[in-house]
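Scroll down for the structure; my scribbles are underneath it.
The values are calculated or read from the model by the stated rules, or taken from the named source; none is laboratory data. Keep in mind that what you see is a predicted model, and the values were worked out from it rather than measured. Cβ placement follows ideal geometry from the backbone for every residue including glycine, while neighbour counts extend to all protein chains displayed.
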Amino acid sequence: MSQYNIAVIVGSIRKDSLNQKLADALAKLAPPEFSFRTVRIDDLPLYNQDDDGKPAASVTRLRKDVAEADGLLFLTPEYNRSIPGVLKNAIDHASRPWGESVWGGKPAGVLGISVGVIGTALAQQHLRNILAYLDVPTLGQPEVFLQSKDGLFDADGNIGPDSRAFLQAWVDRYVAWVKQHLA
């Protein structure tokens, strides 16, 4: 495969989202044959099974964006020791109706950043449980639980020097994971 298209699903829709900032910085560490595109989830209606036969245009777009991706990259904040509702809502929309999930088989990476000292450890664990059920092969190691601190990002939004080697190693492992599953 000469080009790998990665759907980036950021569980925060906040304008100044740390997780979106991390997603953008990580994309810069990937090789040129990898392209990353953030999938929009802020305009999805609340999932309602009654709407499965007549999905909103935003749901159809989400399903198409995920279906066309070669791999997935999830970045989640931690809200009340779990994933944000907006992320769960997007996952539910793209996994329904029953038997028509667009998630299955796509290699994924999971990470996140928070101001808290445990980063997003519990949110990531909950997300991994959901993805396992949806048959999404998820990179297990290394895990990344980042606490937002001065110096993590430089003035241009790149990963700062103190964390660059660690996150470059994660990106390299993620790239190998995606290639392995698509070979």
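Numerical summary
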quantity: Residue among ASP162, ASP154, ASP70, ASP150 that is among the charged types (D, E, K, R) and touching a residue at least 24 places away in the same chain (Cβ under 8 Å); calculated: ASP70
quantity: Among (1) outside any helix (DSSP H, G or I); (2) surrounded by 15 or more Cβ atoms within 10 Å (Cβ to Cβ); (3) under 15 Å from the mean Cα position of the chain (by Cα); (4) modelled with pLDDT of 95 or more - the single one LEU146 does not satisfy; calculated: (4)
quantity: Subset of region 93-121 [crowded, with 20+ Cβ neighbours inside 10 Å, part of a loop (DSSP other than H, G, I, E, B) and touching a residue at least 40 places away in the same chain (Cβ under 8 Å)]; calculated: LYS106, PRO107, GLY119, THR120
quantity: Top-ranked residue of region 8-60 - restricted to ones that are part of a helix (DSSP H, G or I) and free of Cβ contacts under 8 Å to residues at least 12 places away in the same chain, ranked as farthest from GLY71 (Cα to Cα); calculated: ASP50
quantity: Enumeration of residues in region 122-144 that are without any contact (Cβ under 8 Å) to a residue 40 or more places away in the chain and over 14 Å from PHE74 (Cβ atoms); calculated: TYR133, ASP135, GLN141, PRO142
quantity: Residues located in region 129-143, provided they are crowded, with 17+ Cβ neighbours inside 10 Å and closer than 20 Å to LEU182 by Cα; calculated: LEU131, LEU134, VAL136, PRO137, THR138, LEU139
